[in-house]
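The values are calculated or read from the model by the stated rules, or taken from the named source; none is laboratory data. Fair warning: this is a prediction, and the values are worked out from it, not measured in the lab. With ideal geometry, Cβ positions are generated from the backbone for all residues, glycine too; neighbour counts draw on all protein chains shown. What goes into the accessible areas is simple: the full protein's heavy atoms, side chains included, and nothing from ligands, DNA or RNA. Shrake-Rupley method; radii C 1.70, N 1.55, O 1.52, S 1.80 Å.
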Amino acid sequence: MSEDIWNLPQRDLWDEKAAQSYEDLGSPMYSPEVLGPTVETLAGLAAGGRALELAVGTGRVAIPLREHGTEVHGIELSPAMIAELRTRMDADQLPVTEGSMVDVRVDGEFSLVYLVFNTISNLYSQAEQVACFRNAAAHLGPGGRFVIELWVPRPQPVGSAHAQVFSTGEGYIGMDVLDLSTQRGVSHHIRYEPDGAARVSFSPFRYVWPGELDLMAELAGMELEHRWADFSQAPFTSESTSHVSVYRLR
Ligand SMILES: C[S@@+](CC[C@H](N)C(=O)[O-])C[C@H]1O[C@@H](n2cnc3c(N)ncnc32)[C@H](O)[C@@H]1O
């Protein structure tokens, strides 16, 4: 794998093609079983206040949360993703500030900031991830909450092959190749065309354990209030493959 992949700006990874194919309404991440509990839980945590979604994308979560009655603002790096969002909701209903969740500021105070769908991992260094926590905290009023949704990493033992198949389906294999020294990985998405040809695409990430997130929250003046396995608030256990962590500003 070429080192160049780490120099590709996220803005270029989330281009027009990615933005348009992101809106695949057949995907489970748009299903009522996923979005229903997500919106209910986020609305409850916002407790009538304003919410800010970091990396709002095409509004998969922000739009139904707004429709549910919570005032929502977004931060998003990719103009193509914002343009796609705009085909579904206007700026007066859902304002979005273009820029990085690491440092861009939105006016006013929020009772909830949230970052879902594993997107903290789109920041490739610990320093940037800590900066993102600090930026989230800077937007919160007293007692405000920051919610992160993220998968639980399962690295291989040192010395073994650091490749993991995370998904297989008809005509698709998804595999992560991990570098334990940097906590970086690259997902390889292999799709087979009807004629048998394979198409490969890549997505780089930095994986983070729940305990490391808790320390980032400490550095930003927040503490863990809840850790659930998902947005339906199922208990988080050693079998959980992902988590929803709620941090509260001290
Ligand atoms: C997996 S999508 C998630 C979108 C949306 N939150 C959702 O749940 O559907 C990741 C998004 O993160 C955005 N992104 C990546 N790095 C970012 C950064 N540093 N600041 C703001 N947005 C970023 C990408 O442009 C993309 O829209």
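Data table
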| item | result |
| --- | --- |
| Ratio Rg/Rh, restricted to the range 161-203 and using Cα atoms, in which Rh is the Kirkwood radius | 1.06 |
| Spin-label proximity, residue 12 to the range 197-221 - amide N less than 20 Å from point 7 Å beyond Cα toward beta carbon | 200-206 |
| Solvent-accessible heavy-atom area per residue, rounded to whole Å², over the range 161-203 at 1.4 Å | 62 Å² |
| Projected area averaged over orientations for the chain, convex hull of C-alpha atoms, nm² | 13.9 nm² |
| Using alpha-carbon coordinates, inclination of helix 210-219 to the longest axis of the chain, degrees | 40 degrees |
| The range 85-180 - percent of accessible surface contributed by carbon and sulfur, probe 1.4 Å | 51 percent |
| Separation in nanometres of the label points that stand 7 Å from Cα toward Cβ, at residue 192 and residue 168 | 1.1 nm |
| Surface accessible to a 1.4 Å probe, residue 4 within the full protein complex, Å² | 110 Å² |
| For the range 18-82: rounded, prolate or oblate by the Cα gyration tensor [a/c cutoff 1.5] | oblate |
| Magnitude of the charge dipole, the range 161-203, Cβ model with Lys/Arg +1 and Asp/Glu -1, debye to 20 | 120 debye |
| Crossing angle, helix 32-46 versus the chain [Cα axis fit, 0-90 degrees, rounded to tens] | 40 degrees |
| Residue 126 paired with residue 33, simple spin-label distance in nm, labels 7 Å along Cα-to-beta-carbon | 3.8 nm |
| Neighbourhood net charge (15 Å Cβ-Cβ; Lys/Arg +1, Asp/Glu -1) for residue 155 | 0 |
